Amino acid sequence: MAFPQPSPPPFLTSLLSKHNDETSLPSSRPRVTLTFAQSIDSKIAGVNGKQLILSGKESMIMTHWMRTMHDAILIGIGTASNDNPQLNS
Ligand SMILES: NC(=O)C1=CN([C@@H]2O[C@H](COP(=O)(O)OP(=O)(O)OC[C@H]3O[C@@H](n4cnc5c(N)ncnc54)[C@H](OP(=O)(O)O)[C@@H]3O)[C@@H](O)[C@H]2O)C=CC1
Ligand SMILES: Nc1nc(O)c(N)c(N[C@@H]2O[C@H](COP(=O)(O)O)[C@@H](O)[C@H]2O)n1
């Protein structure tokens with residue numbers, strides 16, 4: 001995916017640094033960010049788990065920026081087989 005700018009948008013940098021500063025977790029514990037798109041009727045996938053594009057280009061760019069700001073990406077087996085995500089940034 002091509003990023004429209006050279007660094008993450010300020011709202012993401014601010015959000016994630018605030019989370020790291022304010023958390024009461026010891027620094028030895030992992031910080032986890034969960035990101036997903038949800039429909040108005042609370043669905044995250046299509047029938048039988050089929051991949052569904054619920055958001056849009058801006059949301060996918062945000063997701064990919066967030067990947068650059070974390071050490072690892074974790075997905076489930078259903079996501080791997082249904083979506084076959086590239087998991088790049
Ligand atoms: N809209 C969006 O933004 C997104 C949508 N999706 C969609 O969501 C669907 C499902 O994805 P996802 O929720 O990741 O589910 P998955 O089926 O991909 O993964 C669930 C994982 O959780 C484990 N698990 C389940 N129950 C337990 C439990 N009680 N304790 C510990 N581990 C458990 C399973 O392990 P085990 O196999 O060992 O039981 C499995 O590896 C996919 O169809 C995908 O298309 C995915 C990502 C984002
Ligand atoms: N932001 C967002 N909007 C949607 O509508 C979605 N369905 C998802 N899903 C996640 O995006 C992954 C695609 O990853 P790649 O760009 O192929 O690496 C997909 O697997 C879901 O985890 N996200």
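The values are calculated or read from the model by the stated rules, or taken from the named source; none is laboratory data. Since we're looking at a predicted model, the values are computed, not measured. Neighbour counts run over all protein chains shown; Cβ positions are idealised from the backbone, glycine included. To get the accessible areas, we keep the full protein, side chains included, count just its heavy atoms, and leave off ligands, DNA and RNA. Shrake-Rupley method; radii C 1.70, N 1.55, O 1.52, S 1.80 Å.
The residues in segment 25-78 that are more than 14 Å from ligand 2 (Cβ to nearest atom), in contact (Cβ under 8 Å) with a residue 40 or more places away in the chain and not in a loop (DSSP other than H, G, I, E, B) can be counted, and the count is 0.
Of the listed requirements (1) part of a loop (DSSP other than H, G, I, E, B); (2) out of contact with any helix residue (DSSP H, G or I) (no Cβ under 6 Å at 6 or more places or on another chain), PRO8 misses just one: (2). Scanning segment 1-24 for residues that are away from ligand 2 (no atom under 16 Å from the Cβ), aliphatic (A, V, I, L, M) and at pLDDT below 80 yields nothing.
How many residues does segment 36-89 hold that are open to solvent by 70 Å² or more (accessible area, probe 1.4 Å), among the polar types (S, T, N, Q) and more than 7 Å from ligand 1 (Cβ to nearest atom)?
Count: 5.
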